[in-house]
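Here's the structure, in structure tokens; my notes come after.
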Amino acid sequence: GQSLEQPSEVTAVEGAIVQINCTYQTSGFYGLSWYQQHDGGAPTFLSYNGLDGLEETGRFSSFLSRSDSYGYLLLQELQMKDSASYFCAFSGGYNKLIFGAGTRLAVHP
Amino acid sequence: IAGITQAPTSQILAAGRRMTLRCTQDMRHNAMYWYRQDLGLGLRLIHYSNTAGTTGKGEVPDGYSVSRANTDDFPLTLASAVPSQTSVYFCASSDSEAVEQFFGPGTRLTVL
């Protein structure tokens, strides 16, 4: 079957660094995406890893290891506005995304 | 219009009624998608369309149908709503060659 696992909740303080892990299981894999969703809002795209390694976009970085079926999202210099849910998702083919259940990040002062 | 719009914003529906959720995008994206989001389950793909005139089934297609008569519109129909279809529904679109999907604001549907 196809599945992704990520922690349900993570808590951190402002200015800190937090890592959200994602492991996946699938027979066909094209890449791993990350989306952010604030309460009551729509998911918004953060990053994509099609190849192994680290992708950096400002304060956010994402990593993929295909051999370990594992990826993570790294958020640096946390701000209160980063409090949201974060979803990893893999592409099983032609942009059809399979999402994880999401990680709720709470940033405290 | 900028991006993706969905209508209605929210709806309360009696079980057994027919309902169509509307989705329109102005980005000329080839691909469009419908997801449902339930607490603790993330987003699950219902149906998708790679280009106008074609549709396909996602993870949870039962009880839903879609059509793609043109590039911009991708309506989702519940032929006979059941309480288990209570959810938040998101429409999304993407360029065929891109990995980023753009999501609409969602429709909150309650079936009683």
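The values are calculated or read from the model by the stated rules, or taken from the named source; none is laboratory data. Not measured: the values here are computed from a predicted model. Cβ atoms come from the backbone with ideal geometry, glycine included; neighbour counts cover every protein chain shown. To get the accessible areas, we keep the full protein, side chains included, count just its heavy atoms, and leave off ligands, DNA and RNA. Shrake-Rupley method; radii C 1.70, N 1.55, O 1.52, S 1.80 Å.
3J(HN,Hα) along region B:94-101: 8, 5, 4, 8, 10, 8, 6, 9 Hz, from the Karplus curve 6.51 cos²θ - 1.76 cosθ + 1.60 with θ = phi - 60°, whole Hz, x for Gly and Pro.
For the chain pair B and A, the buried solvent-accessible surface (1.4 Å probe, both sides summed) amounts to about 1600 Å². Take region B:1-53 with all the other protein chains still there, run a 1.4 Å probe, and you get 49 Å² of accessible area per residue. In region B:86-104, comparing the full protein assembly with the chain on its own, the residues that lose 30 Å² or more of accessible surface at a 1.4 Å probe are B:Phe90, B:Ser96, B:Val99, B:Glu100, B:Gln101, B:Phe103.
Surface composition of chain A: carbon plus sulfur atoms contribute 48% of the solvent-accessible area (1.4 Å probe, protein chains only, all chains present).
Here chain A is described by how far its Cα atoms reach on the three principal axes: 42, 28, 19 Å, from widest to narrowest.
A Cα-only calculation for the protein assembly as shown places Rg and Dmax at 17.4, 51 Å. In this structure, the amide hydrogen of B:Ala31, modeled 1.01 Å from its nitrogen in the peptide plane, lies closer than 5 angstrom to those of B:Ser94, B:Ser96, counting only residues at least 5 positions away or on a different chain.
Cβ-Cβ distance of A:Glu56 and A:Ser3, R₀ of 25 Å, FRET efficiency by 1/(1 + (r/R0)^6): the value works out to about 0.35. Note that chain A presents 47 Å² accessible area per residue, ligands and nucleic acids not counted, probe 1.4 Å. The separation of region A:1-38 from region B:6-55, counted between C-alpha centres, amounts to 24 Å. Taking 0.36 nm per residue of sequence separation and removing the Cα-Cα distance, the A:Ser27/A:Gln76 pair yields an extension gain of 14.4 nm.
By the Cα gyration tensor, region A:1-56 has an equivalent ellipsoid whose semi-axes, rounded to whole angstrom, run 22, 15, 13 from largest to smallest. Computed on the Cα atoms alone, the convex hull of region B:51-93 gives a volume of 83 cubic angstrom per residue.
Leaving out ligands, DNA and RNA, and with a 1.4 Å probe, what % of the accessible surface on chain B is carbon or sulfur? It is 51 percent, rounded to a whole number.
By the Kirkwood approach, averaging reciprocal distances over each pair of separate Cα atoms, region B:1-98 gets a hydrodynamic radius of 13.7 Å.
Amide hydrogen proximity for A:Ala16: with H placed 1.01 Å from N in the peptide plane, the residues at 5 or more positions away or on another chain lying under 5 Å are A:Leu78.
Within the set of other residues whose C-beta is less than 15 Å from the C-beta of B:Tyr64, count the net charge using Lys and Arg as +1 and Asp and Glu as -1.
Combined, the nearby Lys, Arg, Asp and Glu give +4.
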